[in-house]
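Working notes for the structure below.
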Amino acid sequence: IPDTLVTIAFAEGQVTGSAGCNRYFGAYTFDAAALSIGQIGATEMWCEGRMEQETQFLRMLGAAQSLALEGDRLTITSAEGTLVFRPATHAALEGTDWTLSGLAEGEAISSTWIDSEITALFQGGKLTGSAGCNRYFADYRLEGESLTLGPIGSTRMACDEERNARETAYLEALAKVARYTIERDALTLLDEAGNVLLMF
């Protein structure tokens, strides 16, 4: 499906990535060309128009039988079909127009239709974007993967109750940000303890 990115990464016996909407994870073993992937877990966001593709991808991955790497082409063959991957590069934090894809609520990552209108742009020490109704702004400082935000200001337009609630939750989470990680085109903002707050 256009504008979805499905990724895979192998490290220390764990396979992780994006299934096009949700992040997934699981254990794997690899011996010669034989690949076996254990039970796959995933976050529980709903993305309109992407879930059938995601379900099919995870089913194929879970049935993996072999893996082959030829040049820059990684092929996973399963009883359900064949998956072919090529190298992907990581997006840059600064200068990228980020769109919200999920917000932590307790143990789950939730998404709503409003999230496609919530944005973040880090540029030259200034964070700007739309919180879904109002524009917001803050200074920021980077040190490695440490991200420190100054006080967050915003315009003061009134919107419908659903937008106002999502905006409040977003800005409250943003105020707790202390770190970030980027994998391919996915930005995750975390608190000081390493808990996920926001995903873009």
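The values are calculated or read from the model by the stated rules, or taken from the named source; none is laboratory data. Worth saying up front: this structure is predicted, and the values here are computed from it rather than measured. FYI the Cβ positions are ideal-geometry reconstructions off the backbone, even for glycines, and counts take in every protein chain you see. Accessible surface is based on the protein model in full, side chains and every heavy atom, while ligands, DNA and RNA are left aside. Shrake-Rupley method; radii C 1.70, N 1.55, O 1.52, S 1.80 Å.
Residues considered: Leu103, Leu187. Of these, the only one that is modelled with pLDDT of 90 or more, open to solvent by less than 20 Å² (accessible area, probe 1.4 Å) and within 30 Å of Thr75 (Cβ to Cβ) is Leu187.
Among the residues of region 114-151, those identified as at negative phi, open to solvent by 50 Å² or more (accessible area, probe 1.4 Å) and free of Cβ contacts under 8 Å to residues at least 24 places away in the same chain are Ser116, Glu117, Lys126, Thr128, Arg135, Phe137, Asp139, Arg141, Glu143, Pro151. Which fully enclosed strands (runs of 3 or more DSSP E) of region 97-200 have 3 or more residues being of a type in the set (Phe, Trp, Tyr)? Here the list reads 135-143. Please determine whether any residue of region 106-117 is touching a Cys at 6+ places or on another chain (Cβ under 8 Å), within 23 Å of Phe25 (Cα to Cα) and at pLDDT below 95. Taking every residue of region 106-117 in turn, at least one turns out to be touching a Cys at 6+ places or on another chain (Cβ under 8 Å), within 23 Å of Phe25 (Cα to Cα) and at pLDDT below 95. In this structure, is Ala91 within 30 Å of Leu35 (Cβ to Cβ) and either open to solvent by less than 80 Å² (accessible area, probe 1.4 Å) or part of a strand (DSSP E or B) (or both)? Answer is yes for this residue. Of the residues in region 155-168, at least one is surrounded by 12 or more Cβ atoms within 10 Å (Cβ to Cβ) and free of Cβ contacts under 8 Å to residues at least 24 places away in the same chain. Hey, does region 146-154 have a residue that's polar (S, T, N, Q) and more than 19 Å from Asp191 (Cα to Cα)? Yes; the residues of region 146-154 include at least one that is polar (S, T, N, Q) and more than 19 Å from Asp191 (Cα to Cα). Condition first: in contact with a Leu (Cβ under 8 Å, 6 or more places away or on another chain), farther than 30 Å from Thr168 by Cα, part of a loop (DSSP other than H, G, I, E, B) and of a type in the set (D, E, K, R). Can you find one or more residues in region 75-83 that meet it? No, that holds for no residue.
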